[in-house]
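Undergrad: I'd like to ask you about the structure that follows.
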Amino acid sequence: MSHAPYASPLLNLPGAVAADAPDAGVAAHYGDLFKEQRALARGEGFVDLSHRDVVAVSGADRLAWLHLLLTQHVTELEPGRATEALILSAQGHIEHVLYLVDDGATTWAHTEPGAAASLIAYLESMRFFYRVEIADRTGEFAVVHLPAGSIASVPTGSVVRETPHGRDLFLPRGELGPFTAALGGPPAGVLAYEALRVEAHRPRLGRETDHRTIPHELGWLETAVHLQKGCYRGQETVARVHNLGRPPRRLVFLHLDGSEVRLPEHGAPVRLASDGPEARPIGFVTTAARHHELGPIALALIKRNVPTDAPLLADTTPAAQEVVVAP
């Protein structure tokens, strides 16, 4: 894509309010956050994720080659089967998260906005003699999310990535407006999508991660890491920490005190409530959201040895924790 700030054509829909970074370029909401969440929970409507980057890898060796680089086992990835995978640093820290599907000829991935350039630079550096072609397809394909239970039919020329949480469509960009108009269902903004992500305890790169996050801290061992495969960069750290069972931090789900008007921001300190609001932080808030049933909720990354029943403070907001990653 060009270096000009992206603005989705769907920001012209009635009620659309633009989102802030990291989701700038699409709608935060279309006027009614909870109505949008309830529609998604019923399997209705769609979410415009057209600001996300799209990378495609084609060629006869693509799956065998990706298998050497990714944390996931993909050598026998069947066409149409969705998976997710990480690229780690040599120290085992998370650098990229790829949401993958193969169509039989090309492996498609969507990733965070603006991440394609550094991802492709790494992939190109590892090509060697393999028969693969790597392309940034962000300018040609837009990602649209259909919630689980949606019965919408998909336009020809789209690639579908189906998961328990819904379908991610890699849609030709020219189809974005016509397809969503023909759906007839209500558009939902990224705030609704993020609230349901937090409810499902699903981590996101750049929100639940920092420069030293390892997969064990976030529960990504279950969905994005194959523990029986080796070869990839950072695998030694994955194996060592898994065998010792002691990652330094753990992801938690927080039920926030609903009397607070303001949600804690990304990066806000988390402390033990018993120590008070001036104490040394034991972690930080990663994503906070307003949920249509649960009220204010959040994910946070805290020290592994914090007691699982300890009341917490998320910034200044009282919070009860729910275990996501066991200590």
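The values are calculated or read from the model by the stated rules, or taken from the named source; none is laboratory data. On a predicted model such as this, the values are computed, not experimentally measured, just so you know. Note that each Cβ is placed from the backbone with ideal geometry, even for glycine, and that neighbours are counted across all protein chains shown. The protein model used for the area step is the full one, side chains on, heavy atoms only, and it has no ligands, DNA or RNA in it. Shrake-Rupley method; radii C 1.70, N 1.55, O 1.52, S 1.80 Å.
Undergrad: Keeping all protein chains in place and using 1.4 angstrom, which order do E36, E278, E175, E76 fall into by accessible surface area, from largest down?
TA: Greatest to least solvent exposure: E278, E76, E175, E36.
Undergrad: Quick one: order H96, H292 from most to least accessible surface, probe 1.4 Å.
TA: These residues rank, largest area first, as H292, H96.
Undergrad: Dividing the alpha-carbon radius of gyration of region 1-88 by 2.2 N^0.38 Å (N being the number of residues), what value is obtained?
TA: The reported ratio for this selection is 1.47.
Undergrad: Related question: Say R0 is 45 Å: what FRET efficiency, to the nearest 0.05, do S259 and E133 get from their beta-carbon distance?
TA: 0.20
Undergrad: Also, quick follow-up: How many percent of the alpha carbon pairs in the chain exceed a separation of 29 Å?
TA: Summing the P(r) tail past 29 Å for the chain gives 40 percent.
Undergrad: Sticking with this structure for a sec: Quote the FRET efficiency, to the nearest 0.05, computed for S125 versus H165 with a Förster distance R0 of 25 Å and r equal to the Cβ-Cβ distance.
TA: With a Förster radius of 25 Å, E is 0.15.
Undergrad: Over the chain, give the accessible area per residue in Å² for a 1.4 Å probe, as an integer.
TA: Computed with neighbouring chains in place, this is 44 Å² per residue.
Undergrad: So, in Å, what gap is there between the alpha-carbon centers of region 157-175 and region 208-235?
TA: Region 157-175 and region 208-235 have Cα centres spaced 26 Å from each other.
Undergrad: Sticking to Cα atoms, compute the Rg of region 88-211 to one decimal and its Dmax as the biggest Cα-Cα distance, whole number, in Å.
TA: Gyration radius and largest Cα-Cα distance of region 88-211: 16.1, 48 Å.
Undergrad: Moving on. Rounded to whole Å, give me the distance from the Cα center of region 271-307 to that of region 45-78.
TA: Using only Cα atoms to place each centre, the spacing works out to 33 Å.
Undergrad: Once you have a ≥ b ≥ c as the square roots of the Cα gyration tensor eigenvalues for region 180-275, tell me rounded if a/c is under 1.5, and otherwise prolate or oblate according to whether a/b is larger than b/c.
TA: Oblate is the answer for region 180-275, as a/c is 1.5 or above yet b/c matches or exceeds a/b.
Undergrad: Describe numerically, in nm with one decimal, the distance between label points set 7 Å from Cα along Cα→Cβ at A182 and at A320.
TA: 4.8
Undergrad: Oh, and also: List, largest first, the extents of the alpha carbons of region 225-278 along their principal axes, each in whole Å.
TA: Computed over region 225-278, the largest-to-smallest principal extents equal 49, 22, 16 Å.
Undergrad: At 7 Å along the Cα-to-beta-carbon direction for both D20 and H266, put a label point, then send me their distance in nm to one decimal.
TA: With each label placed 7 Å out from Cα toward Cβ, I get 1.0 nm.
Undergrad: What order do F284, F253, F128 take when sorted by accessible area (1.4 Å probe), most exposed first?
TA: Per-residue accessible area, sorted high to low, gives F128, F284, F253.
Undergrad: When the helices in the chain are scored as -39500 (n - 2.57) per DSSP H run of 4 or longer and the sum is shared across all residues, what 222 nm value do you end up with, to the nearest 500 deg cm²/dmol?
TA: -5000 deg cm²/dmol
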